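Asks: The following block contains the structure, expressed as structure tokens.
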């Protein structure tokens, strides 16, 4: 499981970029895509905080639509099908749904919604059902803004897994913990081994792609693989 940076193509969605980069770099992108597919990689992207499909400002929604189209074009340039996803946080459902209607077919087919500390899992699942898109369950954000009282982490992972169809590929979940001394919701620099161990004990037998949202990236990923015995 790998997450690609949104900045892989500088100014990829900006009007200032007049280069048809998908044609210019087609051979190299296709070569990299073959490498991804040959090694069974699952690729996703996660546009940043300024990609707000539910904004009240038309120019912000215009930019979000363009950014999501760029992400789809990038994944398509690698030759990756719709099981390789674009993860996005939500906003007020009515405005988000209106923005979703403006997406290109490719971007809409790749979109996955994620719960956070402002929009808990329950309303995100309702919006996802309305739009017929999958949901990423973020364990840390759920701890900050819980819903579905009484359900275990495993119950919730299984519940959210029902939003994923075979064409969407493996279900994706996000794991992180709080950074000490920082604002609520800030990701820790490295993997909390004990917390991850408890998470793995609950869901480690399920067919999941797990993104570790930590600052030291590969170091924590290798530590997690060691804990899982893979």
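The values are calculated or read from the model by the stated rules, or taken from the named source; none is laboratory data. Note that the coordinates shown come from a computational prediction; the quantities given were computed from them, not determined experimentally. Glycine also receives a Cβ, built like all others from the backbone with ideal geometry; neighbour counts cover every protein chain displayed.
Asks: Using beta carbons and a limit of 8 Å, which pairs, at least six apart or on different chains, have the first residue in region 148-170 and free of Cβ contacts under 8 Å to residues at least 40 places away in the same chain and on the phi < 0 side of the Ramachandran plot and the second one in a loop (DSSP other than H, G, I, E, B) and crowded, with 18+ Cβ neighbours inside 10 Å?
Replies: What qualifies is 163/133; 163/134; 164/134; 165/134.
Asks: Quick test of your reading of the structure: residue 79 fulfils all but one of (1) touching a residue at least 40 places away in the same chain (Cβ under 8 Å); (2) crowded, with 18+ Cβ neighbours inside 10 Å. Name the failing condition by number.
Replies: (2)
Asks: Being within 21 Å of residue 50 (Cα to Cα), modelled with pLDDT of 95 or more, under 16 Å from the mean Cα position of the chain (by Cα) and part of a strand (DSSP E or B) is the requirement here; does residue 87 meet it? Explain how you work it out, then say what you get.
Replies: Values: within 21 Å of residue 50 (Cα to Cα): yes; modelled with pLDDT of 95 or more: yes; under 16 Å from the mean Cα position of the chain (by Cα): yes; part of a strand (DSSP E or B): yes.
Taking the combined requirement at face value, the residue satisfies it.
Asks: Quick one: how many residues across region 25-47 are loosely packed, with under 12 Cβ neighbours inside 10 Å and part of a loop (DSSP other than H, G, I, E, B)?
Replies: Counting residues in region 25-47 that are loosely packed, with under 12 Cβ neighbours inside 10 Å and part of a loop (DSSP other than H, G, I, E, B) gives 2.
Asks: Is it the case, given these coordinates, that residue 102 is farther than 22 Å from residue 10 by Cα and either in a loop (DSSP other than H, G, I, E, B) or touching a strand residue (DSSP E or B) at 6+ places or on another chain (Cβ under 9 Å) (or both)? Step through it out loud before you land on a result.
Replies: Values: farther than 22 Å from residue 10 by Cα: yes; either in a loop (DSSP other than H, G, I, E, B) or touching a strand residue (DSSP E or B) at 6+ places or on another chain (Cβ under 9 Å) (or both): yes.
Yes; evaluated as a whole, the condition is true for this residue.
Asks: Quick check on residue 56: is it touching a residue at least 12 places away in the same chain (Cβ under 8 Å), loosely packed, with under 13 Cβ neighbours inside 10 Å, over 24 Å from residue 213 (Cα atoms) and out of contact with any strand residue (DSSP E or B) (no Cβ under 9 Å at 6 or more places or on another chain)?
Replies: Details: touching a residue at least 12 places away in the same chain (Cβ under 8 Å): yes; loosely packed, with under 13 Cβ neighbours inside 10 Å: yes; over 24 Å from residue 213 (Cα atoms): yes; out of contact with any strand residue (DSSP E or B) (no Cβ under 9 Å at 6 or more places or on another chain): yes.
Here the answer is yes, as residue 56 does meet what is asked.
Asks: Further, regarding this structure: Based on what the data block shows, is residue 95 under 23 Å from residue 50 (Cβ atoms), without any contact (Cβ under 8 Å) to a residue 60 or more places away in the chain and in a helix (DSSP H, G or I)?
Replies: Yes, satisfied.
Asks: Does any residue of region 215-228 turn out to be in a loop (DSSP other than H, G, I, E, B) and at pLDDT 95 or above? Explain how you work it out, then say what you get.
Replies: Our first condition is that a residue be in a loop (DSSP other than H, G, I, E, B); within region 215-228, this holds for 215-217.
Remaining after also requiring at pLDDT 95 or above: none.
Checking region 215-228: not a single residue is in a loop (DSSP other than H, G, I, E, B) and at pLDDT 95 or above.
Asks: Residues of region 173-199 being outside any loop (DSSP other than H, G, I, E, B) and either touching a residue at least 40 places away in the same chain (Cβ under 8 Å) or buried (at least 16 other Cβ atoms within 10 Å of the Cβ) (or both), which ones? Step through it out loud before you land on a result.
Replies: Restricting attention to region 173-199, the residues satisfying the condition of being outside any loop (DSSP other than H, G, I, E, B) are 173-175, 178, 187, 193-199.
Those that are outside any loop (DSSP other than H, G, I, E, B) and either touching a residue at least 40 places away in the same chain (Cβ under 8 Å) or buried (at least 16 other Cβ atoms within 10 Å of the Cβ) (or both): 173, 174, 175, 178, 187, 195, 196, 199.
Okay, residues lined up against (1) more than 16 Å from the chain's Cα centre (by Cα); (2) buried (at least 18 other Cβ atoms within 10 Å of the Cβ); (3) at pLDDT below 95:
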| site | (1), (2), (3) |
| --- | --- |
| 115 | no, yes, no |
| 123 | yes, no, no |
| 126 | yes, no, no |
| 129 | yes, no, no |
| 134 | no, yes, no |
| 146 | yes, no, no |
| 150 | yes, no, yes |
| 162 | yes, no, no |
